[in-house]
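A short worksheet on the structure shown next.
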Amino acid sequence: MSEERPTADASEEADEVRATDDDAWATACAEDLAREKARRRSEYGPTPGSAAEELRKLVDAVADKLSGLQTPLLGAVAGPAAQQVVRQVVQQAKNAVDPVIERNPDVFDHLAAAGSELLAAYRSAVQHQETRWTSGTHDKGDDPGPGERIDLD
């Protein structure tokens with residue numbers, strides 16, 4: 001019996017096969033992920049951006065609404081002047097908010113996360129109180145208290 005040792009060529013071929021298999025696996029995973037993302041986008045719409053992007057969208061939407069409002073309370077004479085003032089105020093607000101958003105996008109992500117945590121804590125506290133109030137096992141008390149029974153008959 002002779003023991004045959006694998007040649008260097010055989011081990012290189014095995015490494016090539018493993019590398020090809022790893023590539024195929026990574027490629028298949030990437031393709032599956034891309035298909036799943038496309039399916040979710042088509043089903044649920046585009047994914048929300050960062051908190052900074054969402055704030056910018058909110059500011060733009062509010063600015064568009066405020067700029068488009070008609071002012072019937074001020075009358076026909078003051079209407080155009082009032083609309084111009086509203087547009088100027090909205091533009092100044094946008095000009096003030098945009099640099100802050102651009103310089104500190106991570107801050108808004110942290111604020112959004114903190115808001116979510118506060119909401120979760122509030123829900124937890126409210127649920128605990130609601131179960132205490134609605135459980136029906138609260139003490140009705142045996143002591144009649146200082147009240148006096150009055151017969152109305």
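For this structure, a couple of remarks:
- Taking 0.36 nm per residue of separation and subtracting the Cα-Cα distance, full extension of the segment from Ser50 to Ala112 would add 21.4 nm.
- Label-point gap, in nm, between Ser135 and Asp60 - each point 7 angstrom along Cα→Cβ: 5.1
- Ordering 34-40, 51-57, 87-93 by mean Cβ neighbour count within 10 Å, with the highest value first, yields 51-57, 87-93, 34-40.
- Extending 7 Å from the Cα toward the beta-carbon at both Ala38 and Ile150 defines two label points whose distance is 7.9 nm.
Values in this text are rule-based calculations from the coordinates and carry no lab data. Keep in mind that this is a model prediction, so the values were computed, not measured. Positions of Cβ are generated from backbone atoms using ideal geometry, with glycine treated the same way; all protein chains shown enter the neighbour counts.
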